[in-house]
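Asks: Once you've had a glance at the structure underneath, I'll fire off some questions.
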Amino acid sequence: MPTRVFTGLKPTGRLQLGNHLGAVRPLLDLAAAPAADVLVCVADLHALTVDHDPARLRALTRELATTLLACGLDPSARLFVQSSVPAHTELAYLLECTATHGEMTRMVQFKEKSSGSDSIRLSLLTYPALMAADILAHDAEVVPVGEDQRQHLELTTTLARRFNARYGETFVVPRATTPPATARLKDLRDPGAKMGKTGSDGSGVVFLLDDPDTIVAKVRRAVTDAEPALIYDSAERPGVANIAALLGALTGREPAAALDGLPGSGALKRAVIDALVATLDPVRRRYAELAAEPTEVDRVLAAGRDAVAPPAAATVARAREAMGLLRVG
Ligand code: AMP
Ligand code: TRP
């Protein structure tokens, strides 16, 4: 039986390098295996959990789908928009009836995003139930994600097991997979913080569609330190360690090995610039070609939706019956 691989990405901003190395590349590596069966969703409903602008959300949803294809996701993989498959929201409610309020309030991401704000959307709290529904509706077995999503994945596993124990075998129990060195890529200007689509001024964030000049400018301004020799030490030298992890991931080496032979941070930055431009320039060019034909991307999204919606509806029907909802007619 092929292994079912599933992941989701929120269209809250342009895809950045952390998304690429934490989730997209591991997904593409898994997709390259002969027995892989891949589903990817643009998690637009998750983007509604924080303040949003409708026109921007619509544009970012199409941009994210196009960027994934430009990164090499095969159009035959089922790529779809979360809100186009009703099973997600339907199952989310059933899982809200499986989870507890305490489990939701304990989520680190909820605590981080809600602290200091007196008016958060209720959906920010219930978000992990929707994410669990995304995964369980599609019988996912392996879910490639960055470190920040591991806790949500653990909750998904807990809810699947609890549901199966209470109501009978209904869901496949999934497992997360995170890359060894780049599960939490840091901001180039602030190596204490995660690189993210939103939240910083963007000067330390490399976006996948950045042109070479922008990449050069951002890497040149990356924070390193005053030590002349390059040594990999993530606790004492976080700036250098982050760039080493980045270079290693781009060139297929361990972070410490990526520093071998480099005399200092100037040489390290040049090596990273070369590796980044070599990786991202083809993505940017392919993106431009695909963006010129938006109907083709729409066709991929419609085909993805049509392929995944019926089996997902069947999984939700199983869950409804198991919970005791009367099947009428
Ligand atoms: P999001 O942008 O929050 O929708 O994240 C999409 C995927 O990218 C998730 O699997 C995240 O864990 C992953 N991700 C986001 N930022 C980073 C980062 N800085 N390092 C590693 N993975 C990341
Ligand atoms: N919540 C994830 C994030 O913020 C995105 C996501 C939504 C996801 N649904 C998913 C990831 C299902 C993996 C599986 O990054």
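The values are calculated or read from the model by the stated rules, or taken from the named source; none is laboratory data. These numbers come from a predicted model, not from an experiment. Glycine gets a Cβ as well: all are built from the backbone with ideal geometry, and neighbour counts include every protein chain shown.
Asks: Any idea which of 244, 235, 229 is aliphatic (A, V, I, L, M), surrounded by 13 or more Cβ atoms within 10 Å (Cβ to Cβ) and either within 20 Å of residue 24 (Cα to Cα) or away from ligand 1 (no atom under 14 Å from the Cβ) (or both)? Explain how you work it out, then say what you get.
Replies: Working: 235 fails: surrounded by 13 or more Cβ atoms within 10 Å (Cβ to Cβ); 229 fails: surrounded by 13 or more Cβ atoms within 10 Å (Cβ to Cβ).
The match here is 244.
Asks: Here's another thing I want to ask about it. Within the stretch 68-122, which helices (runs of 4 or more DSSP H) (wholly inside it) include 1 or more residues that are in contact (Cβ under 8 Å) with a residue 60 or more places away in the chain? Break it down stepwise before answering.
Replies: Details: elements: 87-96, 101-105, 108-114.
It comes to 87-96, 108-114.
Asks: When you go through (1) within 16 Å of ligand 1 (Cβ to nearest atom); (2) buried (at least 21 other Cβ atoms within 10 Å of the Cβ); (3) part of a loop (DSSP other than H, G, I, E, B); (4) at pLDDT 95 or above one by one for residue 209, which number turns out not to apply?
Replies: It is condition (2) that residue 209 fails.
Asks: Name every residue in the stretch 136-161 that is in a helix (DSSP H, G or I), crowded, with 18+ Cβ neighbours inside 10 Å and more than 12 Å from ligand 1 (Cβ to nearest atom), in order of residue number.
Replies: Once the filter is applied, which keeps residues that are in a helix (DSSP H, G or I), crowded, with 18+ Cβ neighbours inside 10 Å and more than 12 Å from ligand 1 (Cβ to nearest atom), the stretch 136-161 yields 136, 137, 155, 156, 157, 159, 160.
Asks: Something else about it: What residue, of 123, 114, 84, is buried (at least 17 other Cβ atoms within 10 Å of the Cβ), on the phi < 0 side of the Ramachandran plot and in contact with a Leu (Cβ under 9 Å, 6 or more places away or on another chain)?
Replies: It is 84.
Asks: Examine the stretch 176-197 for a residue that is within 16 Å of ligand 2 (Cβ to nearest atom), within 30 Å of residue 320 (Cβ to Cβ) and hydrophobic (A, V, I, L, M, F, W, C), and state whether such a residue exists.
Replies: Yes, that holds for at least one residue.
Asks: Does residue 196 qualify as being closer than 30 Å to residue 269 by Cβ, more than 11 Å from ligand 1 (Cβ to nearest atom) and part of a loop (DSSP other than H, G, I, E, B)? Full working, then the answer.
Replies: Working: closer than 30 Å to residue 269 by Cβ: yes; more than 11 Å from ligand 1 (Cβ to nearest atom): no; part of a loop (DSSP other than H, G, I, E, B): yes.
So residue 196 does not fit the description; no.
Asks: So which residues in the stretch 1-54 are buried (at least 17 other Cβ atoms within 10 Å of the Cβ), assigned to a loop (DSSP other than H, G, I, E, B) and β-branched (Val, Ile, Thr), if there are any at all?
Replies: 12
Asks: Now for a separate question. With the requirement that a residue be among the aromatic types (Phe, Trp, Tyr) and within 8 Å of ligand 2 (Cβ to nearest atom), what does the stretch 122-175 give you?
Replies: If the condition is that a residue be among the aromatic types (Phe, Trp, Tyr) and within 8 Å of ligand 2 (Cβ to nearest atom), then 127 is the only one that fits.
Asks: Does residue 92 fit the bill of being within 12 Å of ligand 2 (Cβ to nearest atom) and more than 25 Å from residue 211 (Cα to Cα)?
Replies: Answer is yes for this residue.
Asks: Select from the stretch 162-179 the residues that are assigned to a loop (DSSP other than H, G, I, E, B) and touching a residue at least 12 places away in the same chain (Cβ under 8 Å) and list them in ascending order.
Replies: Answer for the stretch 162-179, where residues must be assigned to a loop (DSSP other than H, G, I, E, B) and touching a residue at least 12 places away in the same chain (Cβ under 8 Å): 168, 170, 171, 172, 173, 174, 178, 179.
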